[in-house]
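Visitor: Got a structure here, written out as structure tokens. Questions coming.
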Amino acid sequence: MVDGLGKSGRFGLGDREMRLLLLLLMAAPCAAEEIPLSEVISTSRQTGLQPVAEALSQIDGATDLEPFRRYRNGASNLFFVEAKKLDEALLASRDLILGSRGAGVPVRHRKASGEFWIVAYLGAGPSNPCWWVIDACVIENQTLRISYHSAAPSAGTKDLHQYWYWASLGKLQPGAYILELYDTKEECETLTRRVIVH
């Protein structure tokens, strides 16, 4: 048996088998990574999430939240924005919802930052109790899933509150990503979007 680059290596594998084994190892699925709910920033009053107004209070010249409060689209939405900080992520989100921007690629407000956020909108409902509850935000391979469920029916306030969520993902490898909203109560995907990161 020849070691190294001969016909068979230390484990009795030839060059072709070794190349195949390396390809299989490279294609092996990555372990799922969960974004802690404490890092999710939201307009929701769900316990454990970061209130967006509180997060913005720490930023000089913070972005106005009024466009998100006035947003009256009842349908859920899910997209990427390219931004380094929360205020930039909010501006890019605003550009998408108010500027009729497409969501097939990450939206950015001005210059490229190379860092990304996932943004979800679940809809509008009473502010109390929380109309929707986020259960988890998980990244596995190149699929990002936000799992949620609707609150149990109960008497709620009569206001109309918009449920927005932002989570920083940092840097991402170029490629196609699948974004999913998953209803844990109904056990089904309610929205799927494919986004290309360049």
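The values are calculated or read from the model by the stated rules, or taken from the named source; none is laboratory data. A quick note: this is a predicted structure, and the numbers were derived from the prediction, not measured. FYI the Cβ positions are ideal-geometry reconstructions off the backbone, even for glycines, and counts take in every protein chain you see.
Visitor: Scan segment 127-174 residue by residue and report those that are out of contact with any Phe, Trp or Tyr (no Cβ under 8 Å at 6 or more places or on another chain) and of a type in the set (A, V, I, L, M).
Guide: Of everything in segment 127-174, those that are out of contact with any Phe, Trp or Tyr (no Cβ under 8 Å at 6 or more places or on another chain) and of a type in the set (A, V, I, L, M) turn out to be A136, V138, I139, A152, A155, L160.
Visitor: Further question: Scan segment 97-122 residue by residue and report those that are within 22 Å of S147 (Cβ to Cβ) and surrounded by fewer than 19 Cβ atoms within 10 Å (Cβ to Cβ).
Guide: A103
Visitor: While we're here: For segment 44-58, indicate whether the set of residues that are closer than 18 Å to G170 by Cα and either outside any strand (DSSP E or B) or modelled with pLDDT under 95 (or both) is non-empty.
Guide: Filtering segment 44-58 down to residues closer than 18 Å to G170 by Cα leaves 50, 55.
From what is left, the residues that are either outside any strand (DSSP E or B) or modelled with pLDDT under 95 (or both) are 55.
So far as segment 44-58 goes, yes, one or more of its residues are closer than 18 Å to G170 by Cα and either outside any strand (DSSP E or B) or modelled with pLDDT under 95 (or both).
Visitor: Give the residues of segment 123-167 that are closer than 21 Å to C188 by Cβ, surrounded by fewer than 16 Cβ atoms within 10 Å (Cβ to Cβ) and among the β-branched types (V, I, T), sorted by residue number.
Guide: Once the filter is applied, which keeps residues that are closer than 21 Å to C188 by Cβ, surrounded by fewer than 16 Cβ atoms within 10 Å (Cβ to Cβ) and among the β-branched types (V, I, T), segment 123-167 yields only T143.
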